[in-house]
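J.: Following this message is one structure expressed as structure tokens.
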Amino acid sequence: MRKTIVTLVALCAAMTANATILRVSNVNGSTAPYQTIQAAHDAAIAGDTIMVDGSNTKYDKTIITKTLVIIGPGFWLTENGLVQESAPSATAEFEIRRGAPGTVIEGFWFKNVWSGVIIMANNCVVRRCYFLDHSGYKGILFTRDRDKDDPDPTGAIIHQNFFADCAIATRYLKDYMTNVQITNNIFVNNGADNDIQNISHSIIEYNTMIGNCTWLPFAWVWSSTIEHNIIRTQKVRYTNIHDVDNNEWNENVICGQNAPEYSTDKDIYTLEQTLKEGKDCGAFAEVYSDNPILSPYVISGVPSAPIIQDLVVPTTVEAGSKMKVTIKLGIQK
């Protein structure tokens, strides 16, 4: 299963190597060619990349029907030292239809919506995003079009995200969501019943799951590998995570029902250093694995693309001379 997931990401990277980049901004006065993500999507062809500027205004819900890479600016931007303190995140909603397998969503803030990312397609990737819902609904929802009797989606990577008051769940599937890699994510607060629901034959590892003492991390998780996580409690709804559900449970750190709750990256990082006790666990773990996708949680969710820190362009040059332009780039690894 691990080799399958790595192959999917490699194919996605190869497909986007020579892709067109389309820029979106809904900020008044912006020079971006597109004001909505939907408009950029409609103009793009499969394999293209859409770059979305930060904004204080929420972007409308986007229906994705072709395989794209859609990248926002990240979240908690003031924490990374690469952008100005006033830079806003990009708030959005996405519904990935069955005709868009392998779509990548990265660097967005999903706030107070019923489902931030609805996934009907196979092998999608959601990484470095922030999910917040005070009603305790679904941050990521796997589902299908029942009117068309579509098969269940399968295969996904959910990596380096921050979930507050919401969950990874399914709805209207014929069976369970399968072949999902849920790695290096952080789950906090207490609004949802569970962190991860209705998942089977998947990998759940290197996550930090510290909701309050009534919040159970797993519900209906079957035949999966659950390891190297930091978890407030090992209880699950109705069944025993170790035996009845046929899961492989290895090297998880149980921090106890009375462990304090935290809501920021820095506080959680401090908690993890306290709880590890020599074990390589949790979202910030330095992962040594045959799976190159596994990597520690990234503060502020800034995409890995270079960011211009400084640009110097001379206003005049002597006739016949070359114009020397200096560009300083910062890279969030």
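J.: Might you work out the accessible area of residue 268 for me, using a 1.4 Å probe with all protein chains in place, and round it to the nearest 10 Å²?
T.: Roll a 1.4 Å probe over it and residue 268 shows about 0 Å².
J.: Taking square-rooted eigenvalues a ≥ b ≥ c of the alpha carbon gyration tensor, is the stretch 32-149 rounded, prolate or oblate, where a/c under 1.5 means rounded and, failing that, a/b exceeding b/c means prolate?
T.: Since a/c reaches 1.5 but b/c is at least a/b, the shape of the stretch 32-149 is classed as oblate.
J.: Could you run the Karplus curve 6.51 cos²θ - 1.76 cosθ + 1.60 with θ = phi - 60° over the stretch 35-49 and give me ³J(HN,Hα) per residue in whole Hz, x for Gly and Pro?
T.: 9, 10, 5, 4, 5, 5, 4, 5, 7, 7, 10, 3, x, 6, 10
J.: In the full protein assembly as shown, how much of residue 263 is accessible to a 1.4 Å probe, in Å² to the nearest 10?
T.: Here the accessible area works out near 60 Å².
J.: Using mean Cβ contacts within 10 Å as the protection proxy, how do 68-76, 48-56 order, highest first?
T.: 68-76, 48-56
J.: Another question, if that's okay. On average, how much area does the Cα convex hull of the stretch 93-212 cover when viewed from any direction, in nm²?
T.: The directionally averaged projection comes out at 6.4 nm².
J.: Give a residue-ordered list of calculated ³J(HN,Hα) values for the stretch 102-113 (Karplus: 6.51 cos²θ - 1.76 cosθ + 1.60, θ = phi - 60°; whole Hz; x for Gly, Pro).
T.: Calculated HN-Hα couplings, in order: x, 5, 10, 10, 9, x, 10, 10, 10, 10, 6, 10 Hz.
The values are calculated or read from the model by the stated rules, or taken from the named source; none is laboratory data. If you're wondering where the values come from, they're calculated on a predicted model, not measured in any experiment. Glycine also receives a Cβ, built like all others from the backbone with ideal geometry; neighbour counts cover every protein chain displayed. The accessibility values were calculated without ligands, DNA or RNA, using every heavy atom of the protein model including side chains. Shrake-Rupley method; radii C 1.70, N 1.55, O 1.52, S 1.80 Å.
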